[in-house]
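Single-structure report; data block below.
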Amino acid sequence: MIELRNIDYSVGGRSILKDVNLSVGEQDTLAILGASGSGKSTILRIILGLINPDQGEVWVHGKELSRISYEDLVEIRKKMGIVFQEGALFDSLTVGENVGYYYLEHTRQTHAEVAPRVQAMLDTVGLGHTINMMPEELSGGMRRRVAIARALIYHPSCILYDEPTTGLDPMSSKSITDLINRLKHEHRVASVMVTHNLEDALEVADHFIMIQGGGVGWSGTRRQFAGQQKKIMEMFYQ
Ligand SMILES: Nc1ncnc2c1ncn2[C@@H]1O[C@H](COP(=O)(O)OP(=O)(O)OP(=O)(O)O)[C@@H](O)[C@H]1O
Ligand SMILES: [Mg+2]
């Protein structure tokens, strides 16, 4: 579904990523771990085609992003949901307007037409009762779940999560990781989760990669990761 091959990326002559390879299959969950500033969010931006690598290939749904038209890129992006760091809701819009934003802003559909889909997405994340509330009335964990509902409205085949549990208390984090797992099993979505949080990654991921020095310092399955966790942590966070 997603494959990065030999990706190099630099900004202003400074190398950010060097020879990064990764792949995510259908209904697969990949955790991307690494220290702050190691390039994790940059990898998500490359997968979305928001930035172009200097070298290498980005394959999404069987297409290589540098060789397709802008229209095709827009279509591919619709199959990918993104949940940004901090949730990134519009504070002046209601929860329902945030979730239905794309349809309300970019199509001629009315509030009444969009509302049932918005309600269904909010129900999926357990927040059906918040449709008319403002984001400021929600807790941090609830805001993240609204951001997930907004990503789900296109029925994506893959969702990219950037630090979905950072800054949340353990209960709220658990509600997010449970939701990520449920979307995988019930909606059959593939997921990429960028995180600092090892416990949360172990809750959801089938595969792990560690970014270090701009490259993939370690990659392996959940079982391999769990078995070597202490050693890997010493290597990367010493
Ligand atoms: N537009 C940009 N211009 C200059 N430098 C950038 C730009 N975007 C990212 N960087 C640099 O690239 C590196 C990787 O940034 P990135 O945001 O991918 O890190 P991260 O692993 O997501 O960090 P965090 O865990 O803090 O979110 C950082 O050193 C950052 O300063
Ligand atoms: Mg980041």
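The values are calculated or read from the model by the stated rules, or taken from the named source; none is laboratory data. Small disclaimer: the values here were computed from a predicted structure and weren't measured. Cβ coordinates were reconstructed from backbone atoms using ideal geometry, including for glycine residues, and neighbour counts include every protein chain displayed.
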(request) Select from the stretch 112-124 the residues that are surrounded by fewer than 21 Cβ atoms within 10 Å (Cβ to Cβ) and in contact (Cβ under 8 Å) with a residue 24 or more places away in the chain and list them in ascending order. (result) Arg117, Thr124
(request) From Val99, Val58, Val83, grab the single residue that is buried (at least 19 other Cβ atoms within 10 Å of the Cβ), within 24 Å of Asn6 (Cα to Cα) and of a type outside the set (D, E, K, R). (result) Val58
(request) Quick one: which residue in Leu30, Leu73, Leu22, Leu4 is more than 23 Å from Gly220 (Cβ to Cβ), hydrophobic (A, V, I, L, M, F, W, C), away from ligand 1 (no atom under 12 Å from the Cβ) and outside any loop (DSSP other than H, G, I, E, B)? (result) Leu73
(request) Considering only residues that are among the small types (Gly, Ala, Ser) and more than 10 Å from ligand 1 (Cβ to nearest atom), look in the stretch 33-67 and name the one that is modelled with the highest pLDDT. (result) Gly56
(message) Of all residues being more than 16 Å from Asn132 (Cβ to Cβ) and of a type in the set (Ser, Thr, Tyr) in the stretch 65-117, which is nearest to the chain's Cα centre (by Cα)? Just the residue, please.
(response) Tyr102
(request) Pull up the stretch 4-49, narrow it to residues that are away from ligand 2 (no atom under 15 Å from the Cβ) and hydroxyl-bearing (Ser, Thr, Tyr), then point me to the one that is surrounded by the most Cβ atoms within 10 Å (Cβ to Cβ). (result) Thr29
(request) Of all residues in the stretch 52-85, count the ones that are in contact with a helix residue (DSSP H, G or I) (Cβ under 8 Å, 6 or more places away or on another chain) and small (Gly, Ala, Ser). (result) 1
